[in-house]
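The values are calculated or read from the model by the stated rules, or taken from the named source; none is laboratory data. What you are looking at is a predicted structure, and each value in this text was computed from that prediction instead of being measured. Please note: Cβ atoms are built from the backbone with ideal geometry, for glycine as well, and neighbour counts cover all protein chains shown. Ligands, DNA and RNA are stripped out before the accessible areas are found, and what is left, the full protein with its side chains, is counted by its heavy atoms. Shrake-Rupley method; radii C 1.70, N 1.55, O 1.52, S 1.80 Å.
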Amino acid sequence: MKTNICLPLGLPEFLVLKQQVQKDVIYLEVEAKEPPIHCVCCGFSNLKRHDQRIRKVRDLDILDKTLYLFIHVKRWRCHDCIEVFSEPLCSVPAGKHQTYRFRKKVFEMCVGTTISYVSRKLKVSYKTVERIYYDLAKEEVNDSTSSGVIGIDEVAVRKGHSYETVITDIHTGTVHEMGANRDYDSTIRLFESFKENPPSVVVMDMWKPFFKACRAMLPDASIVIDKYHVVQKVNLALDAVRKTKSKELKRLKKGRFCLLKRRFRLTEKQFERLDNYHLESDELAYAYYLKEWFYDFYEQSNYEAAALFLDQWILEAKRSPFSSFHEVCKTLETWKTHILTYFELPYTNAKTEGTNHKIKNRKRISYGFRNMENFRIRVKLECSKSQSSTSSSPVHIVDDVA
């Protein structure tokens, strides 16, 4: 004996006229319960029914069955303005073939996955899912106000040194702006969005186009050089010494990780290897000492102590025989003022780097993007934060109780 299952449609404005249940699809014929009171053009109520048309609309699945609504859309003529119009529907956007709730479901399913997966899952064309997602995404992406502290960095998006510049809020991790390239002109265009609410602090690496654009557009903002990139310069200098010495000591070719790792984090075996490297090469021990000593720079308690420490370290590094450390000294002297600003405004680009990692993951999940504007919308939306069982019984859809 078959059991009838009655479910509410969930769209109170419609009256169900007829239904047809097939293997995987449910077709419902519905019409609006209440006629329009006023003309949508002039606002008067002198209306007369003109004709009727059928509109096919996709709705949310029911019991794992695809649901289509065949809406009997009545058209009305206004005797005051002589205009003919279709009755407005609260559940279906004008000119669309899906209900509001179905479009919202498509949008939510696309977040964190690919459009092609959602297309297969819902049995909707790729272009339709893509159009729904980006239509709603543009409404969701709002230009939020800055907290006053921003970070700027670049992220590689394609092979061949193709970059996108990303500006994030240091406090919230929100992506404010994103644009192609990382040169001066492109950075200027990104900073133009802060004209009305300029930030007070900008955290960046030692990339001159970023610095020049910031000085041009945000002259009153304090610039902080991210400490990770400062320490990275010193580590690269040590690695350059290792590469030079590896020609003499073949074992050093595999000693990079052991040398660059902080001393207190070494395992017992790595500590023994490090001591052997130092015994075999006094110059390598000297370079390692300079690297480890520099880490104490960011342990200083105030601006004055940090400035004194940096001067002493630069003096010692200049006395060393290593050209790579001499280059680091030139860099530190060039950016000294903004490196030391960290001790007055202790901000880093950690959240910006974390956001860049999310951006790369988003790109991998989607197997790349051909439309970079869509890519930026996805990044702003997704990288700024973070069913019923099938039944073989007949399904009967009933009107919602008012």
Item to check | Relative contact order [Cα under 8 Å, 6+ residues apart], region 95-248, whole percent | outcome: 15 percent
Next on the checklist: Just to be sure I understand the curve: with the Debye formula and one point per C-alpha of region 65-192, what is log10 I(q)/I(0) at q = 0.10 Å⁻¹?
Outcome noted: -0.57
Checklist outcome for this item: For the chain, whose charge dipole is built from +1 on Lys and Arg Cβ atoms and -1 on Asp and Glu Cβ atoms, the candidate among LEU308, LEU47, LEU332 with its Cα farthest towards the positive end is LEU47
Item to check | Stokes-Einstein D (µm²/s) once Rh is taken as the Kirkwood radius of region 318-358 over alpha-carbon pairs, at 10 °C in 1.306 mPa s | outcome: 128 µm²/s
Checklist entry - Equivalent-ellipsoid semi-axes (√(5λ), Cα gyration tensor) for region 155-311, whole Å, largest first? => result 38, 20, 13
Next on the checklist: Just want to confirm a number: the relative contact order over region 178-330, from Cα pairs under 8 angstrom separated by 6+ residues, in percent.
Outcome noted: 18 percent
Next on the checklist: How many angstrom lie between the Cα centre of region 279-296 and the Cα centre of region 117-194?
Outcome noted: 42 Å
Item to check | Kirkwood estimate for region 133-244, i.e. one over the average of 1/r between Cα atoms, Å | outcome: 15.4 Å
Next on the checklist: Run the helix sum for the chain: -39,500 (n - 2.57) per DSSP H stretch of 4+ residues, divided by residue count, reported at 222 nm to the nearest 500 deg cm²/dmol.
Outcome noted: -12500 deg cm²/dmol
Item to check | At q = 0.28 Å⁻¹, base-10 log of I(q)/I(0) for region 95-159 (Debye sum, equal scatterers on each alpha carbon) | outcome: -1.21
Item to check | Whole-angstrom Cα spans of the chain along principal axes, big to small | outcome: 95, 56, 37
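Applying 1/(1 + (r/R0)^6) with R0 = 30 Å to the Cβ-Cβ distance of THR113 and CYS90, what FRET efficiency is obtained, to the nearest 0.05?
0.50
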Item to check | Inter-probe distance in nm under a simple model that places probes 7 Å from Cα toward Cβ, at GLN300 and CYS42 | outcome: 8.0 nm
Checklist entry - So what is log10(I(q)/I(0)) for region 259-340 at q = 0.17, 0.25 1/Å, when the Debye sum runs over its Cα atoms only? => result -0.76, -1.20
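Place a +1 charge on the Cβ of each Lys and Arg in the chain and a -1 charge on the Cβ of each Asp and Glu, then give the dipole magnitude about the Cα centre in debye, rounded to the nearest 20.
That gives the chain a dipole magnitude of about 1960 debye.
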Item to check | Per-residue ³J(HN,Hα) for region 230-245, Karplus 6.51 cos²θ - 1.76 cosθ + 1.60, θ = phi - 60°, Hz, x for Gly and Pro | outcome: 5, 5, 4, 4, 5, 4, 5, 5, 5, 5, 5, 5, 4, 5, 5, 6
Checklist entry - Hey, what's the chain come to in accessible area per residue, 1.4 Å probe, Å²? => result 55 Å²
Checklist entry - Can you list the trypsin sites (Lys or Arg not before Pro) in region 101-140 that are in a DSSP coil and have 12 or fewer other beta carbons within 10 angstrom? => result LYS123
Item to check | Sparse-neighbourhood loop sites, trypsin sites (Lys or Arg not before Pro) in region 167-209 - DSSP loop, at most 14 other Cβ within 10 angstrom | outcome: LYS195
Checklist outcome for this item: Note on the chain, DSSP bridge orientation, antiparallel percent to nearest 5 equals 65 percent
Item to check | VAL16, VAL202, VAL40, VAL21, reordered so the largest accessible area comes first (probe 1.4 Å) | outcome: VAL40, VAL21, VAL16, VAL202
Next on the checklist: Using each residue's phi in region 50-63, evaluate 6.51 cos²θ - 1.76 cosθ + 1.60 at θ = phi - 60° and report the 3J(HN,Hα) Karplus result to the nearest Hz, with x for Gly and Pro.
Outcome noted: 9, 6, 9, 9, 9, 10, 8, 9, 8, 10, 4, 5, 10, 6
Next on the checklist: Given a 1.4 angstrom probe, I'd like the percentage of the accessible area of the chain that is carbon and sulfur, rounded to a whole number.
Outcome noted: 51 percent
Checklist outcome for this item: For region 49-149 the GluC sites (Glu not before Pro) that pass both the DSSP coil test and the at-most-14 other-Cβ-within-10 Å test are GLU83
Checklist entry - Considering the dipole of the chain built from charges on the beta carbon (Lys and Arg +1, Asp and Glu -1) around the Cα centre, which of LEU266, TRP76, PHE102 is farthest to its positive end? => result PHE102
Checklist entry - Share of Cα-Cα pairs in region 1-149 beyond 22 Å, in percent? => result 54 percent
Checklist entry - Tell me, how many Å apart are the Cα centres for region 335-379 and for region 14-78? => result 47 Å
